[in-house]
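Student: Structure in C-alpha cells, see below.
Every read-out reported here was derived from the displayed coordinates using simple, explicitly stated rules and does not represent laboratory data. These figures come from a predicted structure and were not determined experimentally. Reconstructed Cβ throughout: ideal geometry from the backbone, glycine too, with neighbour counts over all protein chains shown.
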Amino acid sequence: MSSELHTERRGSTLVLTISDPASRNSLSEQVYAAGIEALGVAESDPGVRAIVLRGDGDHFSAGGNVSRLRHNRDAAPDAQGQTLQAFHDFVEALRVCPKPVIAAVEGAAAGGGFSLALACDLVVAAADARLVLSYGRIGLSPDGGITWQLMQRLPRGRVLQWIWLGEPVPVAELQALGIVNWVTDSGQAFAKALEVADRLAACAPNAIASAKDLVNQWPQRTLAQQAALERTQFLENLAHPNTAEGLAAFAAKRPPAFE
C-alpha cells in the first residue's frame, strides 16, 4: 500500500499526518495530491490559523519509496516527470500557503522527507531525530527544492558535504544553524508544534500572511523593491480591522481578539 495523508482539526490547527508506518511514512502521489487539496481548503477557511505537518508513529518521513523508485525506472520519462512534479507542487503549496506551517519531526526525515520539513515555515524536531540527505547512496540527486532551501542558509561546502556523504546531521547543529527552531525530548515534537500553533493563532492572520509573503519574495528583489513591497503591505494592514483591534487592545492592556 502507498502512504496516505490524514487530516485532523485540533481547535484552530489543521494537522496533516503522512501515514504508512511500515515504510517509515515514505512519500507517494496520494500524499502530494491530498496535501495540496488540504492546504487549499485551509487557505479559504478562516477557522484554520495554523497547520502542523507530521509523520505517523515514530518517523516523519523516509522520503521516496525505494520500491516505487525501482518501478519508476521502467516508466516512460513523462510519467517519471509527472510524479516528481507532483512532489514539487506539494512543496510549493506548503511554501506559499498564507497560513503558518510547522513541521513536527520525529525519527527519520530522509531525502524528500528532509525537503518537506524545510518547506515548512518552522521546524520542531526531537533531539534524536535523524535528518539526512541520502541521495548519493542510491545514485540519485536531490529533489523537493532542498538545494534551494539549503543554499539560502548555508555555505556551498556545507551543502555539498551533506548531500554527497549522506551523514545524518545532528539536530543540535541544525538548531545552531537556524534550520530547526525548537528541539524537544523524543516523542514531544508534535506537542510542541501544537503549542507553537496555538501561539500563532493568537496573532492577526493578515499580519502572519503578509510577513510570510514578504519573506518568500525577498530572494527575487533588491532592497528598494523589497522596501516598496513592505510599504504597500504595511499600509494595507494598517487599514485592516485587525489593526484597529490590536491597537485598541494594546491601549486597554488586554489580549486582542483578531478575526
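Student: Just to be sure I understand: if I project the alpha-carbon convex hull of region 97-164 onto a plane and average over all orientations, what area do I get in nm²? Numbers along the way, then the final one.
Tutor: On the way: hull surface 19.2 nm².
Mean projected area for region 97-164: 4.8 nm², to one decimal.
Student: Restricting to bridges with both residues inside the chain, how much of the DSSP beta-bridge set is antiparallel, in percent to the nearest 5?
Tutor: On the way: 8 of 30 bridges.
Beta bridges within the chain, antiparallel portion: roughly 25 percent.
Student: I've got another one for you. Give the Kirkwood hydrodynamic radius (Å, one decimal) of the chain, defined as one over the mean of 1/r across all pairs of different Cα atoms.
Tutor: Values: mean 1/r = 0.0519 Å⁻¹.
With all distinct Cα pairs of the chain included, I get 19.3 Å.
Student: Under the classification rounded if a/c is under 1.5, otherwise prolate if a/b is larger than b/c and oblate if not, where does region 18-148 fall, given a ≥ b ≥ c as square roots of the Cα gyration tensor eigenvalues?
Tutor: Oblate shape, in that a/c is at least 1.5 and b/c is the bigger or equal ratio.
Student: Another question, then. Going highest first, how would you order 187-197, 220-230 by mean Cβ packing within 10 Å?
Tutor: 187-197, 220-230
Student: Then there's this: Ranked from highest to lowest mean number of other Cβ atoms within 10 Å per residue, what is the order of the peptides 10-16, 130-136, 44-50?
Tutor: 130-136, 10-16, 44-50
Student: Turning to a different aspect of this structure: Need the C-alpha centroid separation for region 14-49 versus region 119-152, integer Å.
Tutor: Result: 19 Å between the Cα centres.
Student: In nm, give the distance between the simple-model label positions of residue 218 and residue 235, each being 7 Å from the Cα along the Cα-to-Cβ direction.
Tutor: With each label placed 7 Å out from Cα toward Cβ, I get 2.4 nm.
Student: Now for a separate question. Helix 189-201 sits at what angle to the longest principal axis of the chain, using alpha carbons and giving 0 to 90 degrees rounded to 10?
Tutor: 30
Student: Here's a follow-up. Helix 205-217: angle to the longest alpha-carbon principal axis of the chain, degrees 0 to 90, nearest 10?
Tutor: The helix 205-217 is inclined about 50 degrees to the chain.
Student: Label points 7 Å out from Cα along the Cβ direction at residue 8 and residue 254: separation in nm?
Tutor: 3.5
Student: Read phi for every residue in region 248-259 and hand back ³J(HN,Hα) as whole Hz from Karplus 6.51 cos²θ - 1.76 cosθ + 1.60, θ = phi - 60°, with x for Gly and Pro.
Tutor: Once rounded to whole Hz, the list reads 5, 5, 4, 5, 8, 6, 10, x, x, 10, 7, 10.
Student: For residue 148 paired with residue 211, estimate the spin-label separation in nm (one decimal), with each label point 7 Å from Cα along the Cα-to-Cβ line.
Tutor: The answer from the label model is 2.3 nm.
Student: Moving on to the next point. Between rounded, prolate and oblate, where does region 118-256 land on the alpha carbon gyration tensor, with a ≥ b ≥ c its root eigenvalues, rounded for a/c under 1.5, else prolate if a/b exceeds b/c? Can you show the working numbers first?
Tutor: Values: a/c = 3.43, a/b = 1.61, b/c = 2.13.
It is oblate, given that a/c is not under 1.5 and a/b is not larger than b/c.
Student: For region 1-48, what ratio Rg/Rh do Cα atoms give with a Kirkwood hydrodynamic radius?
Tutor: 1.03
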